Amino acid sequence: MTRRRKIYEGKAKILYEGPEPGTLIQHFKDDATAFNNKKHELIDGKGVLNNRISEFIFTKLNEIGVPTHFIKRVNMREQLIKEVEIIPVEVMVRNVAAGSLAKRLGIEEGTPLPRSIIEFAYKSDELDDPLVTEEHITAFSWATPQEIDDMMAMSLRINDFLSGLFLGIGIKLVDFKIEFGRQFEGEMMRVILADEISPDSCRLWDTTTNEKLDKDRFRRDMGGLMDAYQEVARRLGIYTSNDDTTPRSGPVLVK
């Protein structure tokens with residue numbers, strides 16, 4: 001067996017060299033992390049579910065013309081993706097007050113926002129991903145004004161699509177975080193969606209009960225993370241009880 005060359009390892013994924021130039025293999029790990037890795041557990045099957053959910057969403061986005069790095073899923077834990085240069089800015093789209101926004105501004109969690117709000121964070125675990133403005137992004141050359149415009153336009157389009165998709169299966173899209181990258185083709189470059197979209201990167205609440213179906217179940221020690229992720233996949237029509245995503249044991253605490 002040929003040993004694959006690791007390109008990068010993050011908190012929840014590993015990138016390996018792809019089979020063709022300009023491609024990578026994205027491997028989804030079972031690591032559950034919060035507060036920039038200050039809290040960390042291994043949860044059997046989580047990576048499989050995130051792979052399947054992200055595949056489903058990225059495929060739909062490709063179909064409606066949103067450019068993404070996703071090419072195809074190659075197995076239960078891995079995807080073939082286009083190689084991109086990641087822009088070191090996380091884009092957060094918020095529809096309902098929750099998490100850090102509710103805490104920062106003293107707004108009751110669950111309050112609908114007057115309109116969807118876009119926030120930016122500098123992608124740095126060491127600095128706990130601080131919030132930044134467009135002025136910071138352009139001053140430090142993390143992205144150009146045109147790239148910011150492209151990211152914002154795509155983020156709002158993604159928000160519109162995902163809000164409708166989830167509403168149709170009884171889920172409220174509270175907020176989500178996405179990343180973008182630069183794809184180079186000869187002398188041409190374009191900004192495309194990268195990373196993943198899954199319950200790891202979205203806040204998803206049941207529309208009737210407001211039950212949390214996302215990583216807040218891990219952040220807030222609520223338990224039932226795998227049940228919640230399985231429920232999202234089931235409602236999307238991509239999970240059955242025969243899928244090999246059921247934990248074989250309880251969460252394993254990583255010291």
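Read-outs throughout are calculated quantities, based only on the coordinates presented, and are distinct from any laboratory measurement. Not measured: the values here are computed from a predicted model. Here the Cβ is made from the backbone with ideal geometry for all residues, glycine too, and neighbour counts use every protein chain on show.
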For the range 96-187 the translational diffusion coefficient, Stokes-Einstein from a Kirkwood Rh over Cα pairs at 4 °C and viscosity 1.567 mPa s, in µm²/s, is roughly 85 µm²/s
Restricting everything to alpha-carbon atoms, can you work out Rg to Rh for the range 50-144 with a Kirkwood hydrodynamic radius? 1.03
Which residues qualify? For ARG203, with a placed amide H closer than 5 Å and at least 5 residues away or on another chain, they are VAL174, ASP175, PHE176
Taking the range 134-188, which GluC sites (Glu not before Pro) meet the DSSP loop condition and have no more than 16 other C-beta atoms within 10 Å? GLU187
Residue among VAL96, VAL132, VAL232 with the largest mean-square fluctuation in a Gaussian network model of the chain, springs linking Cα atoms under 10 Å: VAL132
For the range 13-70, what does the alpha-carbon gyration tensor say about shape, rounded, prolate or oblate, given a ≥ b ≥ c as the root eigenvalues, a/c under 1.5 as rounded, and a/b over b/c as prolate? prolate
Taking chymotrypsin sites (Phe, Trp or Tyr not before Pro) in a DSSP loop with at most 15 other Cβ atoms within 10 angstrom as exposed, one finds the longest site-free stretch of the chain at 141-255
Options [x] -0.79, -0.88, -0.97; [y] -0.71, -0.85, -1.01; [z] -0.61, -0.73, -0.85 for log10 I(q)/I(0) by the Debye sum over Cα atoms at q = 0.12, 0.13, 0.14 Å⁻¹; the value derived from the coordinates is listed as [y]
When the chain is treated as a GNM, springs tying every alpha-carbon pair under 10 Å, which of ALA194, ALA34, ALA228 comes out with the largest mean-square fluctuation? ALA34
Based on DSSP H assignment, which helices of the chain show an axial Cα extent of at least 24 Å together with a mean Kyte-Doolittle hydropathy greater than or equal to -0.5? 46-63, 145-167
Can you give the calculated 222 nm mean residue ellipticity of the chain, where each DSSP H run of n ≥ 4 adds -39,500 (n - 2.57) and the sum is split over every residue, rounded to the nearest 500 deg cm²/dmol? -8500 deg cm²/dmol
Taking a 22 Å limit on the Cα-Cα distance, which of the listed pairs LYS29/LYS172; LYS38/LYS82; LYS46/LYS103; LYS39/LYS215 fall beyond it? LYS29/LYS172; LYS38/LYS82; LYS46/LYS103
